Amino acid sequence: MLKKEKIVIANFKMNLVLRFEMENWLKGFLRYKNDLNNLSTTKIVLCPAVLQTDIFANKLRDIKTVDIGLQDCFWERKGSYTGGVSPTMGKSFGAEYVILGHSERRRYFGETEEVIALKLKKAVTVGLKSILCIGESAEEKKADTTNLSLNKQLDACLKDFPPGQLDRLIIAYEPVWAISSNKPVNPPTVDEIMMAKLIIRKNLVKRYGTKSADRVKILYGGSVNQRNVEEICFEAGMEGVLVGKASLVPTELWGIVKKLELKLNVD
Ligand code: PGA
């Protein structure tokens, strides 16, 4: 991966519910097939609901700039874990990535940092690139404890992370209050995003040293769209974005990718 390459991760959450919705999305996205194959500096990761992993992987197999990811996985390889998704199973059905610790998993599925740490360790060990989501809540922002909150989450989630797998670790800074999927909100300012990136980078450097910390990409997620993606990636210097709501419309997702690709090839 080139140093300046940016990564766009689409998190469909529990959307594209009916089969025809998923098929329409794929049809709309595949209109850009040639353009997608010609991308030189942007990588796309699509994270559909787990049931659709295999379908997405098969449909998009020929497009080398697009990978598939899971939205979660369990920490065991196999066994009596009703409803669980094994990371090895995910890999075997076409996933290369997994999102872990998303605030919606914490909120609605009761996921603790202890659980996230277990999942993270297992996922990277079986070869899934793992996107660890961290971010402060609205209350923490108000109380001015973002620094504390991010460090606490990183310390707990990376507690047992195997340093030899840092190439497979991606951190997504997602302020919980800025997630737009349910209601429109304003994302944080460039300064706020840069500050969060610095906090994350400092934690990683303290933990692994400068050179190893550099192997970890830091992304931003929360209300990303075509209009703010350049600011986030080029002014605030994030290495990519995690996109929820906007990714449900193929033209919008493509718009985000195109903005990055054009700018990266001009500079
Ligand atoms: P959003 O969601 O783009 O709809 O704000 C981002 C996310 O939750 O990952």
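Every number here is computed from the coordinates shown, using simple stated rules; none is lab data. As the structure is a prediction and not an experimental result, all values here were calculated from the model. Neighbour counts are summed over all protein chains in view; Cβ atoms, including those assigned to glycine, are modelled from backbone coordinates with ideal geometry.
Counting other Cβ atoms within 10 Å of each Cβ, which trypsin sites (Lys or Arg not before Pro) in the stretch 33-134 have at most 15 and sit in a DSSP loop?
Numbers: sites: 33, 43, 59, 61, 64, 77, 78, 91, 105, 106, 107, 119, 121, 122, 129; in loops: 61, 64, 77, 78.
Those that pass, being in a loop and sparsely packed, are 61, 64, 77, 78.
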Quick one: which residues, 5 or more positions from residue 224 or on another chain, have an amide H under 5 Å from its amide H? H modelled 1.01 Å from N in the peptide plane, none for Pro or chain starts. 244
Any chance you could list the semi-axes, whole Å, largest first, of the equivalent ellipsoid that the Cα gyration tensor gives for the chain, using √(5λ)? 25, 23, 18
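To the nearest 20 Debye, how big is the dipole of the chain about its Cα centre, given +1 on the beta carbon of each Lys and Arg and -1 on that of each Asp and Glu?
Details: 41 positive and 32 negative charges, 116 e Å.
The dipole magnitude comes to about 560 debye.
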Name the most mobile residue of 51, 219, 198, meaning the one with the largest mean-square fluctuation, in a Gaussian network model of the chain with Cα contacts below 10 Å. 51
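Where the convex hull is taken over the Cα atoms of the stretch 16-150, what is its projected area averaged over directions, in nm²?
Numbers: hull surface 41.1 nm².
That works out to 10.3 nm², a quarter of the Cα hull's surface.
Output the relative contact order of the chain, whole-number percent, from Cα pairs under 8 angstrom with separation of 6+ residues.
On the way: 469 pairs, mean separation 53.4, N = 267.
Here the relative contact order equals 20 percent.
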